[in-house]
Amino acid sequence: MTCRLYGIFLLLASSVAFSAGSSTIITNATVLSAERLTPLSNAWVRIEQDRISEIGTGPVDTTGSTLVDAEGGYLVPGLIDSHVHLYHATGLKRRYTKDYDALYKAYMEQQPRSFLYFGFTTVIELNADTVSNARFDASPVHPNLFHCGQGVILSDGFMALELEGEPIEQVYPGYLIDHHAGGLIPPGADSKMHTPQAVVEYVREHGGRCVKLYYEEALWWPGGAPDFRLPSVEIVRDVVAAAHAYNMPVILHATTPNGHRFALEAGVDILAHGMWEWPDQPFDAPEPSSESADIARQVARSGKGLQPTFSTIRNTASLFDPTVLSDPEWAHVVPPAYMTYLRTEGQRQREDFIARFGSELGKDKTVEDFPSLLSGYVSRYERLIGRMDADGARLLFGTDTAVGGFGWASPPGLAGYWEMQAWRRAGVPLRTLFESLTIGNARAFGLDKEIGTIETGKRADLLLLEANPLEDVSAYNSITRVILGGKIFTRASLSAGERSVIRK
């Protein structure tokens with residue numbers, strides 16, 4: 001038997017398990033689920049096909065069933081990352097390597113398994129690309145994928161600036177015209193096809209279960225961005241009303257005080273990022289102005305969902321943090337050749353970042369100041385989110401994986417584990433983190449009847465952990481098995497390292 005065939009045999013033998021019986025019973029487990037105030041010890045869970053059929057303690061009829069001994073480990077719901085972008089490969093830019101196509105292909109082949117390796121059995125794409133979604137769903141093993149359709153942009157908003165002459169109807173056919181503010185009607189466009197009601201229908205017809213909007217001021221644009229339109233409160237309220245008629249939540253991209261104030265006024269359901277940009281304050285200001293702090297409190301107390309997405313700004317900071325690429329967990333989430341690229345050719349983007357944005361960090365700053373500046377920028381944001389949590393914010397777990405800007409700190413799955421650690425540094429309690437990763441995200445996106453807790457009738461998307469995630473965040477890296485729709489995978493079988501051995 002060749003090495004390649006033998007490797008394939010090992011993968012099949014170690015990944016999908018225990019299909020011989022009519023049901024699978026996980027025994028000797030401690031069940032942790034958000035609807036339970038206390039753990040259920042010495043428990044068993046019966047799985048039939050892709051569903052949880054029974055949960056109990058004590059004796060259980062095992063006739064005809066396959067048994068999986070949890071060995072006293074912790075059984076938790078599969079995790080949900082409610083903010084991903086499946087078309088980006090972290091840190092990969094065509095201008096830096098002649099091997100772009102091969103690297104991108106290998107990264108994307110591993111991507112679904114990398115999410116699963118770190119326990120994410122469901123991901124939600126907030127700006128869907130049809131080709132990328134189809135590629136992801138065609139993978140032999142992949143998390144559940146839900147999406148918001150393509151993001152809804154204004155005909156003359158910031159996102160339209162990135163079209164670089166391409167007709168908007170070809171790139172963003174479901175674009176929105178802000179008729180409340182005299183928005184641009186592109187030549188030949190039928191404005192009736194770009195009303196709030198029409199764009200919501202477009203998202204629904206293309207499989208979206210939520211609507212993504214943008215309030216991007218582009219304060220980071222060197223020298224100031226070209227003219228573009230921000231949405232009016234009225235047009236967003238109209239979109240919200242149209243979406244809510246179908247029970248579809250509306251998510252707003254916003255990172256500034258003005259953007260978060262706008263979210264409060266417009267009535268959106270979820271903010272896709274926290275407020276990390278503080279205009280009229282130095283880049284290294286340790287605390288927000290009183291006005292910005294007040295807006296943060298209002299958001300925290302409003303009941304709106306908030307995705308902190310620490311990973312987004314940590315991605316930029318990774319350019320000046322050598323410890324990011326030294327994390328041994330990289331070996332499980334990207335192919336070896338990809339790591340080589342990040343450590344060699346990919347390093348060129350640091351100089352490109354300095355050339356483009358260096359002056360924005362402060363006129364008296366030098367390259368030597370960048371590591372501490374960016375590290376401080378991340379830390380001050382963590383403090384802000386910690387205060388918002390203390391003020392009652394409804395935090396939702398999302399990573400923005402993979403961030404498309406400068407940096408390389410957004411690998412699938414691993415970025416989620418780093419995000420969890422950032423929540424803890426911010427002071428967010430472990431139970432809040434656990435609930436956000438599971439039932440909180442499920443409820444926010446209307447998935448709570450299917451996933452998010454360990455209850456009879458729900459999908460059997462589960463994780464077996466060696467340690468208790470309500471005691472230490474590191475428990476999320478103690479996964480032994482991933483159960484996806486009732487199929488059981490060893491964690492090792494999902495590793496990029498395992499796949500690289502198989503290819504030899």
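Table for the structure above
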{"read-out": "Full-extension gain in nm, Asn468 to Arg204, via 0.36 nm per residue minus C-alpha separation", "value": "91.1 nm"}
{"read-out": "Computed P(r) (all Cα pairs; segment 287-428; 10 Å bins; percent)", "value": "11, 37, 33, 17, 3"}
{"read-out": "Nearest-0.05 FRET efficiency for Ser290 and Glu48, computed from C-beta distance (R0 56 Å)", "value": "0.45"}
{"read-out": "In order through segment 445-456: 3J(HN,Hα) via Karplus (6.51 cos²θ - 1.76 cosθ + 1.60), integer Hz, x for Gly, Pro", "value": "10, x, 10, 6, 7, 10, 9, x, 9, 9, 9, 4"}
{"read-out": "Net lengthening on full extension, Ile185/Arg95 (0.36 nm per residue, minus Cα-Cα)", "value": "28.9 nm"}
{"read-out": "Table column - 3J(HN,Hα) (Hz), segment 112-125, Karplus curve with 6.51, -1.76, 1.60, x for Gly and Pro", "value": "x, 5, 5, 4, 5, 4, 9, x, 8, 8, 9, 10, 10, 8"}
{"read-out": "Mean Cα-pair separation over length for segment 308-391, i.e. relative contact order, pairs under 8 Å, 6 or more apart, %", "value": "49 percent"}
{"read-out": "In nm, spacing of pseudo-spin labels at Leu67 and Ala331 (7 Å Cα→C-beta vector)", "value": "3.5 nm"}
{"read-out": "Long-range HN-HN contacts of His85 with modeled amide H, under 5 Å", "value": "Thr401, Ala402"}
{"read-out": "Paramagnetic reach from Gln281 in segment 356-398 [backbone N under 13 Å; point 7 Å along Cα→Cβ]", "value": "377-388"}
{"read-out": "Radius ratio Rg over Rh of the chain, counting only Cα atoms, Kirkwood formula for Rh", "value": "0.97"}
{"read-out": "Contact order normalised by residue count of the chain, Cα under 8 Å, 6+ apart, percent", "value": "23 percent"}
{"read-out": "Computed lengthening from Val131 to Glu351, 0.36 nm per intervening residue step minus Cα-Cα distance", "value": "76.0 nm"}
{"read-out": "Nearby lysines by direct alpha-carbon distance to Lys192 (threshold 27 angstrom, same-chain neighbours under 8 apart not counted)", "value": "Lys212"}
{"read-out": "Solvent-accessible surface (1.4 angstrom probe) belonging to Glu471, in square angstrom, nearest 10", "value": "130 Å²"}
{"read-out": "Net dipole in debye of the chain [+1 Lys, Arg Cβ; -1 Asp, Glu Cβ; about Cα centre; nearest 20]", "value": "1100 debye"}
{"read-out": "Between segment 320-391 and segment 47-71, the Cα center-to-center distance that results, in Å", "value": "46 Å"}
{"read-out": "Residues whose placed amide H lies under 5 Å from that of Arg51, excluding near-sequence neighbours", "value": "Ala460"}
{"read-out": "Helical contribution to [θ] at 222 nm, DSSP H n ≥ 4, -39,500 (n - 2.57), averaged over the chain, rounded to 500", "value": "-10000 deg cm²/dmol"}
{"read-out": "Accessible area (Å², 1.4 Å probe, nearest 10) - Thr57", "value": "80 Å²"}
{"read-out": "Whole-number accessible area per residue in Å² for segment 113-201, which is evaluated in the context of all protein chains at 1.4 Å", "value": "40 Å²"}
{"read-out": "Probe 1.4 Å, protein heavy atoms only - accessible area per residue of segment 353-504 in square angstrom", "value": "36 Å²"}
{"read-out": "Among 360-367, 312-319, the order from most to least packed when residues are scored by Cβ within 10 Å on average", "value": "312-319, 360-367"}
{"read-out": "Amide H contacts under 5 Å for Asn144, placed H, 5+ residues apart", "value": "Thr122, Val123"}
{"read-out": "Of all accessible heavy-atom area on the chain, the percent that carbon and sulfur account for (1.4 Å)", "value": "52 percent"}
{"read-out": "Label-to-label distance, nm, for residues given as His244 and Thr323 (7 Å Cα→Cβ offset)", "value": "4.5 nm"}
{"read-out": "Crossing angle, helix 233-244 versus the chain [Cα axis fit, 0-90 degrees, rounded to tens]", "value": "20 degrees"}
{"read-out": "Whether segment 254-311 is rounded, prolate or oblate, judged on the alpha carbon gyration tensor where a/c under 1.5 counts as rounded", "value": "prolate"}
{"read-out": "Selected from Phe397, Pro371, Leu325, residue furthest toward positive end of dipole (segment 301-407; charges at beta carbon)", "value": "Phe397"}
{"read-out": "Sequence-separation-based contact order of segment 326-453, relative, with Cα cut under 8 Å and 6+ spacing, percent", "value": "25 percent"}
{"read-out": "Vicinal HN-Hα couplings computed from phi for segment 348-357 (Karplus, 6.51 cos²θ - 1.76 cosθ + 1.60; Hz; Gly/Pro x)", "value": "5, 5, 4, 5, 5, 4, 4, 5, 8, 10"}
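The values are calculated or read from the model by the stated rules, or taken from the named source; none is laboratory data. What you see is a predicted model, and the numbers here were worked out from it, not measured in a lab. Every residue, glycine among them, receives a Cβ derived from its backbone with ideal geometry; neighbour counts consider all protein chains shown. Protein only, heavy atoms only, side chains kept; ligands, DNA and RNA dropped before computing areas. Shrake-Rupley method; radii C 1.70, N 1.55, O 1.52, S 1.80 Å.
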